[in-house]
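The values are calculated or read from the model by the stated rules, or taken from the named source; none is laboratory data. None of the values given here were measured: they were computed from a predicted structure. Using ideal geometry, Cβ is built from the backbone for each residue, glycine included, and neighbour counts are taken over all protein chains shown. For accessibility, only protein heavy atoms count, side chains too; no ligands or nucleic acids. Shrake-Rupley method; radii C 1.70, N 1.55, O 1.52, S 1.80 Å.
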Amino acid sequence: MTEHISVIGGGLAGLTAAIACAESGSTVTLYEAHRTLGGRARSTTAPYVANDGPHVFYSDGEPFQWLDRRGLARPFTRLTLRALARSRFRHGDRLRPVPPASLLRMLTRRRLSAPVDQSFAAWAEHRFGAEAASAAAGLAGILTYTDAGRLSATFVWDRLLRVTAPRWPAVRYLTGGWTALIGRMADHARSLGVKIEVEARVDRLPAPPVIVATSLDAARTLLGDESLRWESGRAALLDLGLRGRRDDLFVVSDLDEGGFLERYSLVDPSLAPPGHTLVQGQMPMRAGESLADAVARLERVADLGLPGWRDRVLWRREAAARQRTGALDLPGHTWRDRPAIDRGDGVWLVGDSVAAPGLLGEVSITSALTAAKSATRRPTLSRAR
Ligand SMILES: Cc1cc2nc3c(=O)[nH]c(=O)nc-3n(C[C@H](O)[C@H](O)[C@H](O)COP(=O)(O)OP(=O)(O)OC[C@H]3O[C@@H](n4cnc5c(N)ncnc54)[C@H](O)[C@@H]3O)c2cc1C
């Protein structure tokens with residue numbers, strides 16, 4: 001007898017869960033409230049294809065490999081030598097080709113493990129000194145979308161070690177933006193028989209088995225469970241479509257303030273018209289800081305990396321990302337303490353803020369695979385519809 005599984009939410013997590021359940025032989029209906037699939041993994045339409053949420057994948061992680069085995073992660077581009085040569089670090093409000101020696105020394109201590117209970121700032125300063133600690137927290141801004149110094153030392157240190165591993169960076173840029181990936185995932189799901197309903201907001205839980213793949217905020221309402229909360233980032237976002245200039249940098253990693261600026265059209269020219277450039281930036285927001293003030297600090301980074309950019313703007317948007325950049329573990333907590341995936345009675349909760357390991361959107365995919373495995377292995381509760 002075939003099990004019917006309902007999946008609520010059509011972002012990375014929901015589409016992954018739907019595909020995995022269908023591959024295991026279940027019939028699946030996926031409900032997405034929005035007119036288009038993708039959730040935070042959507043991109044704007046041409047001429048400037050800017051990602052709303054995720055920018056890069058790390059190919060050393062199982063989530064990327066799961067997609068790649070199904071032919072869903074390609075085409076992608078890798079970091080090129082040309083791009084690396086056009087990358088700089090902001091330190092002491094000056095651009096430098098390499099980070100300070102104290103940070104490099106810190107990153108050679110790859111066997112060191114960091115404590116869960118201490119903040120990264122306190123641990124790193126004690127072990128490596130104030131300069132290395134603050135520069136490392138700045139470097140981790142792109143992985144955390146917040147002041148990384150306030151997070152658990154384990155959380156930040158493990159991520160820094162992963163992305164600075166001494167090999168060619170595993171970072172992958174999905175050609176055409178993340179919307180392209182979502183399109184391929186949806187096509188694949190449909191080819192496996194998944195019924196996808198868009199503009200189909202679910203207000204009451206359908207009969208189990210059901211996989212809830214919404215943000216934690218939406219799941220709180222849907223499951224009527226006020227305890228479904230977890231820490232996430234808060235950052236100002238600035239996207240720019242510019243007339244191109246040869247001396248524009250590719251990346252500015254802002255070790256002073258945790259900001260980050262990346263010219264994605266350098267590695268994927270399909271993101272902007274010929275001769276134009278697409279830049280996306282982020283700046284962690286300070287407590288009580290307005291979006292305008294945080295954007296102004298990000299513009300300072302742009303002043304350093306994109307000469308004369310203010311006179312070249314053809315398209316611009318800004319936004320604040322609050323509670324939507326993925327789970328962050330505060331001192332004393334690990335991913336195991338986050339809201340559980342198995343809610344009991346044939347209900348699973350997946351997404352980027354639940355109890356699963358990984359970096360940013362990887363948590364959505366890993367949790368969806370865990371839930372799908374569990375949902376498709378349990379004794380049958382409902383018949384195929
Ligand atoms: C600025 C920014 C940068 C990021 N950078 C990266 C990065 O570089 N790499 C990375 O891996 N990750 C990154 N992330 C994180 C990544 O975007 C998310 O982890 C991932 O997209 C979350 O996917 P999801 O499916 O779990 O949730 P969502 O994308 O939020 O999907 C949930 C879906 O559920 C739908 N929904 C909600 N309520 C209902 C309902 N009642 N009924 C039906 N449908 C409903 C929503 O419309 C939505 O489509 C970034 C995020 C942001 C904001």
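Summary of values
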{"read-out": "Along principal axes, Cα extents of the stretch 250-385, largest first, whole Å", "value": "63, 39, 21"}
{"read-out": "Surface per residue (accessible, 1.4 Å probe) for the chain, Å²", "value": "43 Å²"}
{"read-out": "Unit Cα scatterers, Debye sum, the chain: log10 I(q)/I(0) for q = 0.06, 0.12, 0.13 Å⁻¹", "value": "-0.23, -0.93, -1.08"}
{"read-out": "Length released on extending from ALA340 to THR108, taking residue separation times 0.36 nm less the Cα-Cα span", "value": "80.0 nm"}
{"read-out": "Gain in span if fully extended, ALA296 to ARG190, counting 0.36 nm per residue against the direct Cα distance", "value": "33.7 nm"}
{"read-out": "10 Å Cβ shell holding at most 13 others, DSSP loop, GluC sites (Glu not before Pro): longest site-free stretch of the chain", "value": "1-198"}
{"read-out": "Spacing of the two label points (7 Å from each Cα toward its C-beta) at ASP93 and LEU304, in nm", "value": "1.0 nm"}
{"read-out": "Overall dimensions of the stretch 78-234 as given by Cα atoms, namely Rg and Dmax in Å", "value": "21.0, 58"}
{"read-out": "For the stretch 99-163, with +1 on Lys and Arg beta carbons and -1 on Asp and Glu, the positive-most of GLY138, PHE128, LEU104 along the dipole", "value": "LEU104"}
{"read-out": "Förster radius 22 Å - calculated FRET efficiency between ASP158 and ARG82, Cβ distance, rounded to 0.05", "value": "0.15"}
{"read-out": "Counted charge near THR175, where neighbours are those whose Cβ lies closer than 13 Å (Asp, Glu -1; Lys, Arg +1)", "value": "+3"}
{"read-out": "Diffusion coefficient, µm² s⁻¹, Stokes-Einstein with Kirkwood Rh over alpha-carbon pairs of the stretch 334-380 at 20 °C and 1.002 mPa s", "value": "201 µm²/s"}
{"read-out": "Share, in percent, of DSSP beta bridges within the stretch 1-126 that are antiparallel, nearest 5", "value": "40 percent"}
{"read-out": "Kirkwood-based Rg to Rh ratio, the stretch 232-327, C-alpha trace", "value": "0.97"}
